[in-house]
Amino acid sequence: IGSVALEVVQNASTPLLLLRPTGDWRSRGTSFKRLLVALDGSEFSERILPYVTALAKPFDSEVVLLSVPIGSASDSYRATIQSYLDNLAQELIDQGLNVRTLAIGNAAAQTIVATAESENADLIMLATHGRSGMDRLMLGSVAERVVRNMPCPIFLMPIRDPAQTVEETSAEAIGESD
């Protein structure tokens with residue numbers, strides 16, 4: 001991925017679908033049969049879910065919800081993350097989706113890429129925090145690291161307005177307007 005693509009990722013305010021022009025991933029008829037959805041446990045990251053539903057239903061996709069329990073190696077923390085994923089999975093199952101959950105790893109970007117490869121994902125989906133300046137330099141960008149190493153297409157949902165609600169994001173995802 002070149003500097004132009006990374007610049008687009010860093011400055012986008014609308015959802016992006018990134019496809020690497022070359023590499024190991026080969027189109028399976030753009031079937032999107034397995035969607036890997038990376039979540040960090042925040043409401044912010046859940047803003048990707050309306051898009052997951054919009055893609056998963058017409059393609060009859062299996063959805064794999066992934067969270068990397070960073071920050072604590074304790075079993076209770078991992079159990080909390082698993083419970084979080086199970087609750088989200090149930091909401092998606094109630095909408096008629098086929099969903100599995102994974103709470104694994106300890107480095108977000110590396111775990112997302114490795115899981116996409118091991119799960120044979122057709123698409124990685126995640127929300128981006130839209131950090132810039134010093135925040136981006138100090139914290140880095142999981143999305144940027146995933147993009148640099150993507151084994152398959154990536155759907156990024158940039159959130160530039162942290163005050164935007166999940167409901168507003170959902171309405172945008174399905175094309176509703178006031």
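Against the test of being open to solvent by 20 Å² or more (accessible area, probe 1.4 Å), closer than 24 Å to Ile159 by Cβ and outside any loop (DSSP other than H, G, I, E, B), the options Leu85, Leu55 yield a single qualifying residue, Leu55. Taken over the stretch 88-111, the criterion of being open to solvent by 60 Å² or more (accessible area, probe 1.4 Å) and at pLDDT 95 or above is satisfied by Gln90, Glu91, Ile93, Asp94, Gln95, Gly96, Asn98, Arg100. For the stretch 61-78, residues that are open to solvent by 60 Å² or more (accessible area, probe 1.4 Å) and farther than 18 Å from Leu126 by Cα total 6. Within the stretch 118-136, does at least one residue satisfy the condition of being in a helix (DSSP H, G or I) and modelled with pLDDT of 90 or more? Scanning the stretch 118-136 turns up at least one residue that is in a helix (DSSP H, G or I) and modelled with pLDDT of 90 or more. Of the listed requirements (1) among the small types (Gly, Ala, Ser); (2) within 20 Å of Phe44 (Cα to Cα); (3) at pLDDT 80 or above, Ala114 misses just one: (2).
Residues that are under 19 Å from Ser141 (Cα atoms) and open to solvent by 30 Å² or more (accessible area, probe 1.4 Å) within the stretch 112-124 comprise just one, Ala114.
Within the stretch 1-53, the residues that satisfy the criterion of being of a type in the set (Val, Ile, Thr) and modelled with pLDDT of 90 or more are Val37, Ile48, Val52, Thr53. The set of residues in the stretch 58-82 being part of a strand (DSSP E or B) and touching a helix residue (DSSP H, G or I) at 6+ places or on another chain (Cβ under 7 Å) consists of Val63, Leu65, Leu66, Ser67.
The values are calculated or read from the model by the stated rules, or taken from the named source; none is laboratory data. A quick note: this is a predicted structure, and the numbers were derived from the prediction, not measured. Here Cβ is always computed from backbone atoms with ideal geometry, including for glycine, and neighbour counts include all displayed protein chains. Heads up: the accessible areas ignore ligands, DNA and RNA and are worked out on the full protein's heavy atoms, side chains in. Shrake-Rupley method; radii C 1.70, N 1.55, O 1.52, S 1.80 Å.
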